[in-house]
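Shown below is the structure under consideration.
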2 protein chains.
Amino acid sequence: MSDAPASSPFLAAAHGERPSRAPVWFMRQAGRSLPEYRATRGTGSILDAIAQPEIAAEVTLQPVRRYGVDAAVLFSDIVVPVHAIGFGIDVVPGRGPVAEQPFSSAADLERLRPLEAEVDIPYVIETVKIARAELDPAICPLLGFAGAPFTVASYLVEGGPSKTFAKVKALMHSDPALWEQLVDRLADLAIAFVTAQVTAGAQAVQLFDSWAGALSPSEYRRFALPAATKVMAAVGELGVPRIIFGVGTGELLADMATSGADVVGVDWRVPLDAAAARVGNLPLQGNLDPALCLAPVEVAEEAARDVLRRGAAAPGHIFNLGHGVLPETDPGVLGAIVELVHAEGLTLRDQGVPQ
Amino acid sequence: MSDAPASSPFLAAAHGERPSRAPVWFMRQAGRSLPEYRATRGTGSILDAIAQPEIAAEVTLQPVRRYGVDAAVLFSDIVVPVHAIGFGIDVVPGRGPVAEQPFSSAADLERLRPLEAEVDIPYVIETVKIARAELDPAICPLLGFAGAPFTVASYLVEGGPSKTFAKVKALMHSDPALWEQLVDRLADLAIAFVTAQVTAGAQAVQLFDSWAGALSPSEYRRFALPAATKVMAAVGELGVPRIIFGVGTGELLADMATSGADVVGVDWRVPLDAAAARVGNLPLQGNLDPALCLAPVEVAEEAARDVLRRGAAAPGHIFNLGHGVLPETDPGVLGAIVELVHAEGLTLRDQGVPQ
């Protein structure tokens, strides 16, 4: 599917090959902290902006132009598929995805019909095509993404963002058969969502199991990993690299590595050399603490160097933050980080893990 | 200092001795989820209730009466010392500790004078004495506690609860000398706070470094552990067992075990057998997911049994939640957990870690 030569730094690192320069992109680079994003998007629901291909493609491309990052990531949201099939979910500014009628019983399964991408999300397909046409695939591939079934389910069941995930944990433990049906439908939605993106031109895919770290390892293995693995298997047939990522997943990394992912994303809590020991022979992505991008730039830069050295423990390393860009981040700091990764990345990698 | 015989189940387990029954208590058992607590305390700031010894002692004792737990924990708050010396901090219902004028520069050090317990917090001393007189030390010791310097500093610097800890991380990295002065003063405050509690009759101490898990291991070692270790060393001279606890500390457990703690508390993300391998030869406390106490009681009970089996990997185990009791918890579920731990705990411990 991908016609990008493996020589683009991002794809080379994702394949565990030595890139021509250390690749870097930032989760949530498209949007939030960029003034040109706020000017383009205006106010209103993010889902409205996502549904306008010219705007969504522009927002996708803005960080590439500003920072010179090694990957563009589609401006979209993990709830786009469930929104598009009419589950009844919106993204409330300052709060996040909110479902007016949460998923609570078997009857709610009917609210999760299959996604017909050409009919339900033509704007996503169009956005990918527009953005892709503006990018040089030998330098900057376009990443697609989807939410992993557990993480999307958490919004549907809790009705919104949660600190405790109490309702979703109660459901999975007390009615595991219904839970399996729920995440299986969400797996099919994720597969349809990323298949549409890759078919339209996306050259890699990240699966966001953002909140998997709220689960214990045994819960993750039983209730989240199987559906994530189903998505990964389907994406694997599309022939593009697959990244899996979540926050607070230190205890889960070894299991996440069994999902079929080609690259494992790591949050900032786990040093990459420690992560490499758990993940085994896969490239890693991460993991500068996004909070340090709000500190003086020298602090962020020194921390970035440490990340680059520790990343040498993995067979490949794609530099990123350990979570999404914080809205209040100074774009100048991210620009400095990109420069540093490009200028010093391979040298620091060759120096290797600090003893 | 302690005149409780080591035969109380809690103290036996804390010392790594076999208790007469598996001991259990719950972080935040005093307050929040109990209807008798809400009736006693009424509305208003929690700091007002803490300052009334009869009320605070009553709230301390309520969970002992209702649940038959193996330890009473002082009804207090980690910001009591900084509040008492006039830093200017309150606990806002539904939000948490809020400092109107956050700590931001060396000039703010003057706002952190030493604590004179008899003058500044006589009500804490009185509360301990009242509660202690009502407890049988051979069965139910009274636990005191303090906030660890990093965690208290996070409230002072951020001005309130934080998701990112961006300001506190910026301060520690950009002005480490000021940071050291800040946490050193907070260490002295914590020492004075728990010394007053132990002198008045508290028989063990827990140091809450609740948010340490937001730090990377190298940040924890450099910016949080030294001050926590100072507190632990001073408490050690008081001759009572010391527990250290934080959330999301999977990567930090081995370092936390070097703090001087006698017992390491573990959140629900790390199975206790995995925690034991990192902590080494210390008893553990934890770690039932508090969210599971909102699931059907059978779910919570089965998870509790798993905790008890895995706790066998440590030389001692004090059953607890992996974080504080959630406000919406049904007290009946906690009661069932206490019954289960008492009835089955030692048997499950003897069965040992599931393979």
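Filter segment A:248-259 down to residues that are of a type in the set (A, V, I, L, M, F, W, C) and either touching a Leu at 6+ places or on another chain (Cβ under 7 Å) or not in a helix (DSSP H, G or I) (or both) and give me whichever is surrounded by the most Cβ atoms within 10 Å (Cβ to Cβ).
Among those residues, the one meeting the criterion is A:252.
Another one. Surrounded by fewer than 19 Cβ atoms within 10 Å (Cβ to Cβ), in contact with a Phe, Trp or Tyr (Cβ under 8 Å, 6 or more places away or on another chain) and either within 14 Å of chain A (Cβ to nearest Cβ) or at pLDDT below 95 (or both): does that describe residue B:161?
yes
A quick yes/no check of all residues on (1) under 24 Å from residue B:234 (Cα atoms); (2) more than 19 Å from the chain's Cα centre (by Cα):
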| residue | (1), (2) |
| --- | --- |
| B:12 | yes, no |
| B:54 | no, yes |
| B:69 | no, no |
| B:93 | no, yes |
| B:115 | yes, yes |
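Here's something else I'd like to know. When the residues of segment B:173-182 are filtered to those that are crowded, with 18+ Cβ neighbours inside 10 Å and within 24 Å of the chain's Cα centre (by Cα), which remaining residue is farthest from the other protein chains (Cβ to nearest Cβ)?
Applying the filter and picking the extreme gives B:182.
Can you tell me which residues in segment A:9-64 are surrounded by 18 or more Cβ atoms within 10 Å (Cβ to Cβ), among the hydroxyl-bearing types (Ser, Thr, Tyr) and not in a helix (DSSP H, G or I)?
The one that is surrounded by 18 or more Cβ atoms within 10 Å (Cβ to Cβ), among the hydroxyl-bearing types (Ser, Thr, Tyr) and not in a helix (DSSP H, G or I): A:33.
OK, next. Restricting the search to segment B:70-95, which residues are over 18 Å from residue B:125 (Cβ atoms) and out of contact with any Cys (no Cβ under 7 Å at 6 or more places or on another chain)?
Residues satisfying the conditions are B:86, B:87, B:88, B:89, B:90, B:91, B:92, B:93, B:94, B:95.
Mind checking which residues of segment B:303-330 are modelled with pLDDT under 95 and more than 9 Å from chain A (Cβ to nearest Cβ)?
Once the filter is applied, which keeps residues that are modelled with pLDDT under 95 and more than 9 Å from chain A (Cβ to nearest Cβ), segment B:303-330 yields only B:327.
Select from segment A:260-302 the residues that are buried (at least 24 other Cβ atoms within 10 Å of the Cβ), more than 19 Å from residue A:25 (Cβ to Cβ), within 11 Å of chain B (Cβ to nearest Cβ) and hydrophobic (A, V, I, L, M, F, W, C) and list them in ascending order.
A:270
Same structure again: In segment A:17-51, which residues are in contact (Cβ under 8 Å) with a residue 24 or more places away in the chain, of a type in the set (S, T, N, Q) and in contact with a helix residue (DSSP H, G or I) (Cβ under 7 Å, 6 or more places away or on another chain)?
A:29, A:33
Answer yes or no as to whether residue B:254 is more than 28 Å from residue A:217 (Cα to Cα), touching a residue at least 24 places away in the same chain (Cβ under 8 Å) and in contact with a Pro (Cβ under 9 Å, 6 or more places away or on another chain).
no
Taking segment B:1-35, which residues are modelled with pLDDT under 90 and among the basic types (Lys, Arg)?
Matches in segment B:1-35: B:32 only.
Of B:170, B:133, which residue is surrounded by fewer than 23 Cβ atoms within 10 Å (Cβ to Cβ), out of contact with any strand residue (DSSP E or B) (no Cβ under 9 Å at 6 or more places or on another chain), within 14 Å of chain A (Cβ to nearest Cβ) and not in a loop (DSSP other than H, G, I, E, B)?
B:170
Evaluate segment B:312-330: report whether one residue or more is without any contact (Cβ under 8 Å) to a residue 12 or more places away in the chain and surrounded by fewer than 18 Cβ atoms within 10 Å (Cβ to Cβ).
No, segment B:312-330 has no match at all.
Please verify whether residue B:214 is under 22 Å from residue A:330 (Cβ atoms), within 14 Å of chain A (Cβ to nearest Cβ) and modelled with pLDDT of 95 or more, treating the condition exactly as stated.
yes
Considering only residues that are outside any helix (DSSP H, G or I) and β-branched (Val, Ile, Thr), which ones fall in segment B:94-130?
B:98, B:121, listed by residue number.
Out of the residues in segment B:227-255 meeting the condition of being within 14 Å of another protein chain (Cβ to nearest Cβ) and among the hydrophobic types (A, V, I, L, M, F, W, C), tell me which one is nearest to residue B:177 (Cα to Cα).
The qualifying residue nearest to residue B:177 (Cα to Cα) is B:252.
How many residues are part of a strand (DSSP E or B) and either more than 13 Å from residue B:152 (Cβ to Cβ) or modelled with pLDDT under 95 (or both) if we restrict to segment B:173-211?
The number of residues fulfilling the criteria is 3.
The values are calculated or read from the model by the stated rules, or taken from the named source; none is laboratory data. Treat the numbers as computed from the prediction; the structure is a model and nothing was measured. A quick note on method: Cβ atoms are made from the backbone with ideal geometry, for glycine too, and the neighbour counts reach across all protein chains shown.
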